[in-house]
1. Treating the angle as unsigned and between 0 and 90°, give the value, to the nearest 10°, between the Cα long axis of helix A:230-260 and the longest Cα principal axis of chain A.
2. Where does helix A:55-67 land angle-wise versus the long Cα axis of chain A, in degrees 0 to 90, nearest 10?
3. Can you tell me how much longer the chain between A:I235 and A:E54 gets when fully stretched, taken as 0.36 nm per residue apart minus their C-alpha distance, in nm with one decimal?
4. Among the trypsin sites (Lys or Arg not before Pro) within segment B:135-210, which fall in a DSSP loop and have no more than 13 other Cβ atoms within 10 Å of their own Cβ?
5. What would the Debye equation give as log₁₀ I(q)/I(0) for segment B:2-252 at q = 0.08, 0.13 Å⁻¹, counting only Cα atoms as equal point scatterers?
6. Scan chain B and report its longest stretch carrying no GluC sites (Glu not before Pro) that are both in a DSSP loop and have at most 13 other Cβ atoms within 10 Å.
7. Taking only the C-alpha atoms, wrap a convex hull around the protein assembly as shown and report its volume per residue in Å³ as a whole number.
8. For chain A, what log10 I(q)/I(0) values come out of the Debye formula at q = 0.15, 0.16 1/Å, with one point per alpha carbon and no solvent?
Amino acid sequence: MKSYLSYFNLKFKTGLQYRAAAYAGIATQLFFGIIYTSVYIAFYESNASNYPMELNKLISFLWLNQAFFSLMYLWHKDKDILAIIKNGNIAYELCRPQDLYLMWASKILGERLSMVTLRFLPVLIFALLLPFPYKLILKTSIPFFLLSIIALVLSTFLSTFLILLCHIICMFTLDEKGIVNIFMVTADILSGLVIPIPFFPSFLQKISNILPFRYVSDFPFRLYVGDINIREGIIGIIIQLIWIIILVIIGRILSKRALRKAVIQGG
Amino acid sequence: MSLYLKYLSMHLKSELQYKMSFILSFISQFFTFFGYYFTILCLFNKFSNIKGFTVYEVLLTFSIVTFGCSFCEVFFRGMDQFDKLIVEGNFDRLLLRPRNIILQVFGEEINYVKLSRVLQSLVILVIALLNLNVEWNIYKVLTLLLMMLGSITLFLSLFTIAATYCFITVKGLEIRHVLTDGGKHLAQYPIGIFRKGFVLVLTYIVPFGFVNYYPLLYILGRVEKKVYIFSPITTILYLIVSLLLFYKGVKKYSSVGS
């Protein structure tokens, strides 16, 4: 266990060094936050009724998404892991007396947590200082707050295992484009990062309720702004747990299978 | 020009060496693109209009922008990836050759996979046009053509400006994506829906408005003035300025060494 923690630590600390990338990331997140909120505000201003979400809840939701974007987005490709799969250095990883799955999971988790640590606070502060319709409102009640914190922690693990699964699929395809790209785009859309789930047509909402992607970003933040009630919140957390278990099992089986017939690329 | 054609055929041949990968990437590009399209359709499923613009009007705006952007990403990819040339020191190699430098930069990389996006944006353009209630005449057709050309010119200028920026910073910063991707996101809606500040920026600083908003108003018959037809032409000025800046950058360029 200790060794996995140190992988995590290593990645986390290296990640914190990339300040310039973080500034650029913050700027991008702020920019997109402003675009998204402006578009939705324009929509709400020009249509009288039938809103799937209240405007101030929606705006806060969009800002929370932007602030924690680097923890939530599923379009993540770990260059190091992909490189060792492709160039055959995976052989070295296999020589270590450690579990490949846990090792990679702690690396991905470390990198993403370092990214979000550098980024979320400036975005939140900026969003809090904006004038009224664009403003992020952090006010919530204690039960919602506690539940959404639990949901956020679980979704961090959920997204890590989803991304890890993509990388394990790469061990079969030896290519991070093609199928993996299609999987990642679908995941990104169904996670509600592109547009919030309540705006989906109803059949897609039903599909996304079953799949794990929605529980990554849509669920914890909509819970926070109070768009999901407590009962659904508790059910959602249970679904998150179930999906985490399923993903870990699938990921482990696939990685074992991939290693059994692993062909070491290159020489 | 014949040199550029040669580059084109060369890159096509090398790309087709990996057929399966090419086809799969082509398909996955389709999915990525579908994401944007899906967003607009979903939103208009819930709302009837955005500041008076209907879904097909927005799709027309959207397709003009994505057409220009993806066209440039296919044929002028080298300019988009200019920081790679500088970082790896390969730019020195190009400078030694007695050919036009811009042309050589263009020819460095040509991304045929993104052709699928050009096709998709054309399909959406056609869908939008078929569903729009517009009385077409020669002026309006001309406006549409100018919009498409203007969009290409605009993105080429943006790529060139981003490349010129690399002369100063060496490594191309992610910030440039705010200019291209961010602009693309904003300008996929008619810019009139935004607040004044945005409209000013998108008209005078990054002139997306001249490409897909002001001429759009003419096509939709919301303004009658003929001046609006020719507004995409202003992007040529923008291109000239950006090319001048680029040449200035080339003159000052000092190699990173290797």
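1. The two axes meet at around 20 degrees.
2. It works out to around 30 degrees.
3. Taking 0.36 nm per residue and subtracting the Cα distance, the gain is 62.9 nm.
4. Answer by residue number: B:K171, B:R195.
5. Listed by q, the Debye log ratios stand at -0.33, -0.87.
6. Result for the longest clean stretch: B:136-223.
7. 172 Å³
8. Relative scattering, expressed as log10 I(q)/I(0), comes to -1.15, -1.27.
Every number here is computed from the coordinates shown, using simple stated rules; none is lab data. Note that the structure is predicted; figures quoted are calculated from it, not measured. Methodologically, a virtual Cβ is constructed for each residue, glycine included, from the backbone with ideal geometry; neighbour enumeration extends over all protein chains shown.
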